[in-house]
Each structure stands twice: as structure tokens, then as C-alpha cells.
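Below is one structure; the comments refer to it alone.
The values are calculated or read from the model by the stated rules, or taken from the named source; none is laboratory data. In this text the structure is predicted, and so the values were computed from the model without any measurement. Using ideal geometry, Cβ is built from the backbone for each residue, glycine included, and neighbour counts are taken over all protein chains shown. Ligands, DNA and RNA are excluded from the accessible area calculation, which covers all protein heavy atoms including side chains. Shrake-Rupley method; radii C 1.70, N 1.55, O 1.52, S 1.80 Å.
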Amino acid sequence: MACSAVRSPILRNSTVRHYATATAAQACSSTNLESKTLNNKVFAVALENNSPISQISIVFRAGPRNETYHNQGISHHLRILAGLTTCRSSYFAITRNIQQLGGNIIATSDRESIAYTLQVTRNNLNEALRFLEDVATQQVFKPWEIPEQLPRLRYELSTIPETTRVLELLHRAAYRTGLGNSLFSPKRQVGRINSETLQHFVNTWFTGSRCSVVATGAPFSEICSLASNLNVKSDNTQDIPTKYHGGELRKERNSSTATVAVAVESTGLNKEKDALALAVLQRAIGTGPQVKWGSSMSPIYKSASSAAGKQTFAISALNAVYSDSGLFGFIFSSEPSIAGSLTTCAYKWLKSPQLSDADISRGKNILKADILYSTENEPGLLEILQQQALHKGTVYSPKEIVANVDKITANDVKSIAGKLGSGKTTLAAIGDICSVPNLDELS
């Protein structure tokens, strides 16, 4: 079993996960995308592209956003505990049978969802689906199995990079609770979350109306059959509305670098056109070099270079979009002596963006390329379908998304950039931050 806290939908971040598979035959280019809401309220989606590798995800709209103060970190525990003994299969049986079939089950999550994904060759799909269903919906959380996984959880907590930590601080400062809850368990919760707490969370949030079954390289009829037989309740638990606060969080550490994130509240996935405009804006501003070991010619990189002089740094536009809210801004790492200058530069750029039509045109081209490149690796394509199914209740093919990107005009992008400039700012910093100004000093 494997688990990951990394979820990178195409409209949220330019990073795309890659999964290499050796295939016996080339997949057919023709595709057939079908979707349907079943009687148990589960939304089923299948893209039949004749791939020799089938991927099926059971995704629930549940994550750190749904945690309370007393069960913080429970989503992290669920990722770690994926694949343990269930009502029908033992830990050993799940692992042994999946390995015997040449498959893999991965648990991934973000702040609003958790997905259990099966990757297996098409000829072994029917046998493997039973174990995917067990892992996703038949958990029992044996009290004696949970402590055995805690060393793995502690290891994850000890290896979180500073760029990830500063994003956690940024969300905590921006939202405080809900979306402000971390993807990772607080250390105080390690060993305190028991089987009853885990089972209660699953029973509350793993329901039919909050579930989607998404597949690539699999027949739609088989996906509907799997989805209709899932052991999920029909309850419709509602999310607490998101409230953005803004503010500042700083964490001083013994580090050779300073890592800073500056952002304002943006829009959510519930506003499709604005979400696409933000994705274009992110790439127009710059997300780092497009060539390995190369430099960037993006507007923000040019501005930051003048502030940094000859000292080294890395900077990227930040676009974190959720169902009903989001954060847009910048994240950078640099030598401590120039962190203050770069923070001021990023703040001024965010409050008064300067974009040409050529920058926006380049941003659209990069976004379209990112979307189409994602279709070349199956996990990237599955990720796009998952997020649409879970948060929109409908799905579009990558080509349809690209067509919608083409409809975004330069005025749309400039308009949303102007709105961001008037928003309340959030700042997070970690490392050697002696030169980073406080938020009130930037205003």
C-alpha cells in the first residue's frame, strides 16, 4: 500500500504526478467518457480508452476541512491506515492478493477529499475490485493494528519539506479552521486517535452523496456495478461554509534559507470561468523555469531578480483552489539576507499586477499544454476526472477543458487580477526569517 498527501489538480497547480508503466500494446486513441448518478447517490464516471492498465478510484469528499479540534489529523491517519484489515479481508490477504495480481492500491488526499485508487492490468480487474472496495468502504480499524503504523506516520512528519510547511502555515493563517486544518497530523495527536474516532469519521463523511467512483481504461458497466454495490450510507452531511480571515504566521528555524508565502483570497471551483482565469493568471505570472536547469522569463521572476541581485532564489505563483474558496499569491525560497526584499516585491506585485496581453497569451498556451500533457499519463488524467466528479457532479474531457480555456480573454484575466489586489493579505514565513517584514509593515 502507498499513501500520499500530494494532490495536484490541473487548475490548482502546474505540478503533475507521473507514473511509469510498461504496456504490452499501445492504447487506442479513441475514448468514450460516460457518467451517471446511481440510486445510492454515488456518481460513477468511466473513460474507456482501451488502455491495458485500468485505474479505478473511490473518492470521498472528506478531508482536513471536515476535522474538528479534537480529531485533527484524522485524515492523515486514514491515509496511513489504508489497506489494513477490513470486514471481509485481512491485512495480509489484501497485500498478498494485490501483489499476486500485479496491482497497486494508493491512498491520496488533499484538504477536501481522500481517494483510494487501484492500478491493475485490465485482465485482472474483476478480481482486484473486491479488494479496492474493502479498503475504501469496509474498514474496521483493529485497535492492535493502528499502533503498528504510527512509526510510519512519525517518519512522514519528520520529513516534511519547508515549502510544504510554509503552505500549511499559510492556510492556517488564512482560514484558521476548516481549510486551515493541516494535511498532516499534529504531533500531539499521534497515538491519541483510536479506532472508535476513525470509525465515527468514516461513518459520518464517507456517504453516497459525497462519493464518486472514477475510472480510466475500464468499462462503464463494471464501474456502475461496483459503485451501486458500495457499502455507503445515504446521509447528506453538509460542509461548514468557509470563512477567510487573513493574517500572519511565522516560524523561526535553524535553516540556511528563508521560505515565504504571500497570498489573498481568490475564487473557488464553484465559479468555473474565474477558476480558469486564475489558472491562466498563475502561468502568465510564472511558475518557474519550463526547461530543466534553465531560467524563467516570467514577469515575477524579472521583478524578483532586480530585488535579489546576484543572490540565488526560486519563486513561483501560487494558486490553491477549493470548492468554495481559494488562495492566490506567491511562494519563494531564498537566502535569508534577500528574503525581505523579495517579500516586499511579491506583495507589491500582488497588489498591483502588471501583465501584458503577450504574457496572458503565453499563460493560456502553457495551461493548455499542461492539460493535454496530463492525458499522456494515466494518473494525471484520472486526477482531472476525480476533481470534476467530486466537486462539480459533471465531467468534461481534456479537449473540452482546453476549449473553455480558449474562451478566456485577456480582459477576464486582468479583471480577476485587479480584484485580487484589493483583498486582505495573508503571510507565512519559515526558516531564517530575520529580514522578512511583518504584514503590517507591508501595508
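Points worth noting:
- Mean Cα-pair separation over length for region 329-443, i.e. relative contact order, pairs under 8 Å, 6 or more apart, %: 47
- Ranking of Cys224, Cys434 by solvent-accessible surface, largest first: Cys434, Cys224 (1.4 Å probe, protein heavy atoms only, all chains present).
- Inter-label distance, Ser256 to Thr95: 3.8 nm, where each label sits 7 Å from its Cα along the C-beta direction.
- Residue list for region 258-275, given a label point 7 angstrom along the Cα-to-Cβ vector of Glu162 and an amide N cut-off under 20 Å: 258-263
- Structure-derived Rg and Dmax of the Cα atoms in Å: which label, when the choices are (i) 22.2, 69; (ii) 22.0, 62; (iii) 23.5, 71: (ii)
- Spin-label model distance (nm) - Asn203 vs Val291, 7 Å beyond Cα toward Cβ: 6.0
- Counting only DSSP beta bridges with both residues in the chain, the antiparallel share comes to about 75 percent.
- Considering only alpha-carbon pairs that sit under 8 angstrom and 6 or more positions apart, the relative contact order computed for region 23-114 is 26 percent.
- Annotation note: GluC sites (Glu not before Pro) in region 328-405 located in DSSP loop regions with a Cβ neighbour count of at most 13 within 10 Å are Glu376.
- In a simple Cβ point-charge model (Lys, Arg +1; Asp, Glu -1; nothing else charged), the chain has a dipole of about 460 debye relative to its Cα centre.
- Distance (nanometres) between label positions extended 7 Å along Cα→Cβ at Ser356 and Ser305: 1.4
- From phi via Karplus (6.51, -1.76, 1.60), per-residue ³J(HN,Hα) for region 98-110 in Hz, x at Gly/Pro: 5, 5, 5, 8, x, x, 8, 10, 10, 9, 10, 7, 9
- Segment Ala403-Asn365, extension gain: residue separation times 0.36 nm, minus the distance between their alpha carbons: 12.5 nm
- Relative to the longest principal axis of the Cα atoms of the chain, the long axis of helix 410-421 lies at roughly 80 degrees.
- Where region 360-413 is the region considered: accessible area per residue in Å², 1.4 Å probe: 41
- In loop segments of region 158-256 as defined by DSSP, the trypsin sites (Lys or Arg not before Pro) with at most 15 further C-beta atoms inside 10 Å of their C-beta are Arg176, Arg192, Lys243, Arg253.
- Angle of helix 272-285 to the longest C-alpha principal axis of the chain, folded into 0 to 90 degrees and rounded to 10: 50°.
- Cα-based Kirkwood hydrodynamic radius, region 143-288, one decimal, Å: 19.5
- The largest accessible area among His77, His200 belongs to the first residue in His200, His77, and the rest follow in falling order (1.4 Å probe, all chains).
- For trypsin sites (Lys or Arg not before Pro), the sites in region 304-354 that DSSP calls loop and that have at most 13 other Cβ atoms within 10 Å are Lys310.
- Coupling constants for region 219-232 follow from the phi torsions by the Karplus curve (6.51 cos²θ - 1.76 cosθ + 1.60, θ = phi - 60°), and in residue order they are x, 5, 4, 5, 5, 5, 5, 4, 5, 5, 9, 5, 8, 10 Hz; glycine and proline get x.
- Cα long-axis angle, helix 146-158 against the chain (0 to 90 degrees, to the nearest 10): 20
- Surface accessible to a 1.4 Å probe, Ser256 within the full protein complex, Å²: 90
- Computed over protein heavy atoms with a 1.4 Å probe, the accessible surface of region 232-347 works out to 45 Å² per residue.
- Take every Cα pair under 8 Å whose residues are at least 6 apart in sequence, average their separation, divide by the length of region 191-245, and the relative contact order is 43 percent.
- Ordered from highest to lowest accessible area with the whole protein assembly present and a 1.4 Å probe, Asp357, Asp274 read as Asp357, Asp274.
- Of the solvent-accessible surface of region 360-443, computed with a 1.4 Å probe over protein heavy atoms with every protein chain present, carbon and sulfur atoms account for 50 percent.
- Beyond 31 Å in Cα-Cα separation lie the following of the pairs Lys36/Lys399; Lys292/Lys424; Lys273/Lys310; Lys251/Lys310; Lys142/Lys233; Lys271/Lys292: Lys292/Lys424; Lys273/Lys310; Lys271/Lys292.
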